[in-house]
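Colleague: Please find one structure pasted underneath; my questions will follow.
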Amino acid sequence: MRETLLAAYNGLSPAAQRLVRLLDALPVDHLSEADIICLAAPPPQHAPDAPPAPVPPAPSASAARRTTWTRALIDELVAAGLLQARPPHSGADPHPDSAPGQSRGPGQYGTDRSTRWWTIPPPARDLAHDRAAAEDDPAAQRQALLRMVDLRVWPAVLAAGLCLTLHQHRGRYPVPVPEPAVPTEGQARRWLLDHTGTVAAYARRLYALGYFERAWHLVNGLWPVWLLRKDYALRLELDLLAWHCACR
């Protein structure tokens, strides 16, 4: 299996290979299309791939062009067995956060149940880790993680908090982020309950890499969760993590 996946990886376009490696930056196994678009954002300086590989759009390109380009990369990874398509969400959540190692990406309010989703198979995650260690500058992995946190995870956590606990003290986030669209109370509660494990996983990864301020904000943003469910072990773990972040 390992040799087969490595051969498949070697047959990908350079941009698709880069996307595989960037999967190692994330502490999640399930990603929406919007997550992958954010993750695959081309660096400011890039060399166009040789045909027939998709040409990376400029950072200023339209959202439609970036989406088209990313979908072509997704198709490459799916064909190579490095991503697995999941059916749209319907009814019960097929990716519960309580399943160890099966956290899913942040998603969007109101579209979580109809968007396209993909799963990273364990052998593909192992390959992504090996190739990232061999080929990538660690800075590229960190930039990918921060891009996901700043543009996908934190805005969703903030939006839920603005809906459920408007007067909670949040402090100033380290970098400017897009202003979130505040969901309904029902959407905010469902999102937080669905994604508690995912947000916790990002907080742990940020802490491990020394991004203490961002990790603190994510943990603080989960405060409304403890009003909705009594997960004392997770709350104690995250409260201790936030305390260590505040002491840095």
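Colleague: Search the range 217-236 for residues being free of Cβ contacts under 8 Å to residues at least 40 places away in the same chain and surrounded by 15 or more Cβ atoms within 10 Å (Cβ to Cβ), and hand back the single one that is nearest to Leu158 (Cα to Cα).
Modeller: This residue is Val219.
Colleague: Output the residues belonging to the range 62-95 that are touching a strand residue (DSSP E or B) at 6+ places or on another chain (Cβ under 7 Å), farther than 16 Å from Ala40 by Cβ and either among the small types (Gly, Ala, Ser) or at pLDDT 90 or above (or both).
Modeller: Listed by number, the residues that qualify are Gln84, Ala85.
Colleague: Just need a number here: residues in the range 192-216 that are among the small types (Gly, Ala, Ser), part of a helix (DSSP H, G or I) and either more than 19 Å from the chain's Cα centre (by Cα) or surrounded by fewer than 19 Cβ atoms within 10 Å (Cβ to Cβ) (or both).
Modeller: Qualifying residue count for the region: 1.
The values are calculated or read from the model by the stated rules, or taken from the named source; none is laboratory data. If you're wondering where the values come from, they're calculated on a predicted model, not measured in any experiment. Backbone-built Cβ (ideal geometry, glycine too); neighbour counts: all protein chains shown.
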